[in-house]
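The values are calculated or read from the model by the stated rules, or taken from the named source; none is laboratory data. Just so you know, these numbers come straight off a predicted model, no measurement behind them. Virtual Cβ from ideal backbone geometry, glycine too; neighbours counted across all protein chains shown.
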Amino acid sequence: MAMTPETFYDALVYHLSVPNLYILKHKIVPLDYLMFSNSPLNINMLYTLSLLLSDEILARFMHFFLTFVSAVTIFAIGRRFYNITVGLLAALMYYSIPIVLSNSWGCGNDAGMTFFFALALFSFMLWVDKNKYNFFYLSAVFLGMALASKYIAVTLTVSMTAVAFIHLIRVSESRLETAKRIFLFGLIIFAFILPYLLKNYFFTGNPVYPFLSKILGGEGLYDYAFTGTWALMSAPFSLFNFKFMDFLKSFWTLTISSDQPQNYAGPLFLALSPFVFLFRNIEKKLLYILLAFLMNYVFFWYTGTPMFRFLIPSFALLSIFLAYYSEKISRNPVFMFFFHLFIFSNIILSLNIAWGLKISRYLCVNSDRDSFLATQKTSYPNPSYSAIKWMNEKLPANSRILFSGENKTFYLKKDYIPYSVESNLQPLMEYIKQAEDGEKLKGIIDKNRITHILINYREAVRVNPQYKTYYWNERDRKIFGEFWQKYIKLEYFKEGAYLYSISGRAARTEPNILEELEKKRDWTMQSLHEVFERNLMWDSLIEEYQMLLDYGFNVRSQLDALRKLSGRKAL
């Protein structure tokens, strides 16, 4: 599964796009409109190495390998401290989780972060078992590496530090010794996140960007610009909107009614969860594992986004705990029947996710890379790949592309200005707001060395109703219209993505699609088709109706009529 081209949305927006830009620019640079470039980037730096050595396939394989080694480490923990059966059951439980498998196939960072956490857990348990403090501090090293991979690892770090503090109180000779050791433990962890905090400070003025944006600054953030806060910090079950009954039901609710395929945890954990309450006199190391999981779960729900994908490292803890008690009754044939049934269901769920990604078409059918990447699929909506491929092949080396309505920029090998619709301001909108008229906008465009603008109209129609990425007013649109009329020339279009060059003076006026969509106040595909029809853009309409036909809609007659208008023959 990892040997296919990358189509995971998050990877194309930032996990791979950020390393790609660093490579193109030959240095680490601030990316003002891509919030996630200011996150901890340990895993992304591994992707940078992969891209320098090869391509995104190697990066995907690296993440897959880290996930596999995480499962091996979980097996080693179970075998080292209990027996081989516990190790096998724990590794099987963890590695069969659909969100773990699906995350490992692409260039995410949740499963990769678990690699560092699993090593931290192994070191921690060796410390508890042998009372050798070199393992204690080694655990801090790996926790620091996990935290330097993703901000959300802070909940794991706090949980493990709290458990370490509890054990220190039990075994240390004095409170002063406990304080010294826990301080050094935290200092080691902090040392690994410090480079990213310093990078954020120098690039944004806010070391924990995008957090505390109202106090420390959050330039480039959409919600900061319009409300002075960062709305993504207010998750449905956050500290300020916490409902105790929803929290108690949360594990059941997320397992049964997960609305995103890549957040499926499968039924196994839910079925085995009563083990948490059935057994008494829990062995010390298992008790620490359970405490760490419960504390992380509580901290996570108070401060984070309630999605199972962000709990992947915690599932390593839960797998070991549940595997220990599953082994106690593993000789019961009824239990083992249902255990294997749930493992099988996890695998089926994982294959279902793979089917949605259309991986089989690439692996089993004679499908080339370009065709695969030009076709939309789950987590890969409305790709601009054909236009990006054209730019890579046709544009001069000194070109610089401004994206609008499109975030999936990784495959472009020319310089470009990216942004994220989920959380950032759009650079095109910001340039317009800085200008006084069309000529001044042209000056700003030239100052930023922008030679082309790529607008993905299909994707713009998809994201704008939810994210308001075109947050302009009548004045802004007038300025953009003046600029558009004088300087924009269409160079290429394919599958909804339109590439425009910025010339000294355009030979003819291209239809201003964004303006016409805004006038209608109806950002839908139907409105886009109406705009194409009104401007006699028959080739564009043919592409739209061909897409509908490919998806099974009965539009053959409309497509034939459009081809007659365009003078094109059916393929």
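Here are the numbers:
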{"read-out": "The stretch 6-33: number of residues that are β-branched (V, I, T), in contact (Cβ under 8 Å) with a residue 40 or more places away in the chain and part of a helix (DSSP H, G or I)", "value": "1"}
{"read-out": "Tabulated pairs, the stretch 385-414, first acidic (D, E), second assigned to a helix (DSSP H, G or I), C-beta under 7 angstrom, 6+ apart or interchain", "value": "E406/E459"}
{"read-out": "Candidate set from the stretch 408-432 (those that are under 21 Å from F8 (Cα atoms) and outside any loop (DSSP other than H, G, I, E, B)); member that is modelled with the lowest pLDDT", "value": "N424"}
{"read-out": "Conditions (1) closer than 24 Å to Y380 by Cβ; (2) touching a residue at least 24 places away in the same chain (Cβ under 8 Å); (3) part of a helix (DSSP H, G or I): number failed by L52", "value": "(1)"}
{"read-out": "Candidate set: the stretch 457-467, residues that are in contact (Cβ under 8 Å) with a residue 60 or more places away in the chain and either more than 20 Å from I432 (Cβ to Cβ) or outside any helix (DSSP H, G or I) (or both); chosen: the one nearest to the chain's Cα centre (by Cα)", "value": "R462"}
{"read-out": "Residues of the stretch 94-137 that turn out to be over 22 Å from M62 (Cβ atoms) and either of a type outside the set (V, I, T) or in a loop (DSSP other than H, G, I, E, B) (or both), as a count", "value": "14"}
{"read-out": "Filter result for A59 (more than 30 Å from K413 (Cα to Cα) and hydrophobic (A, V, I, L, M, F, W, C))", "value": "no"}
{"read-out": "Helices (runs of 4 or more DSSP H) contained entirely in the stretch 471-556, each with at least 1 residues that are of a type in the set (G, A, S) and free of Cβ contacts under 8 Å to residues at least 60 places away in the same chain", "value": "474-487, 538-550"}
{"read-out": "Any chance E495 is more than 26 Å from G443 (Cβ to Cβ), of a type outside the set (S, T, N, Q) and surrounded by 14 or more Cβ atoms within 10 Å (Cβ to Cβ)", "value": "yes"}
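Listed here are the residues, each with its yes/no results for (1) aromatic (F, W, Y); (2) in contact (Cβ under 8 Å) with a residue 24 or more places away in the chain; (3) farther than 14 Å from N42 by Cα.
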{"position": "F115", "(1), (2), (3)": "yes, yes, no"}
{"position": "S123", "(1), (2), (3)": "no, no, yes"}
{"position": "V128", "(1), (2), (3)": "no, yes, yes"}
{"position": "Y133", "(1), (2), (3)": "yes, yes, yes"}
{"position": "F136", "(1), (2), (3)": "yes, yes, yes"}
{"position": "L143", "(1), (2), (3)": "no, yes, no"}
{"position": "A146", "(1), (2), (3)": "no, yes, no"}
{"position": "A153", "(1), (2), (3)": "no, yes, no"}
{"position": "F165", "(1), (2), (3)": "yes, no, yes"}
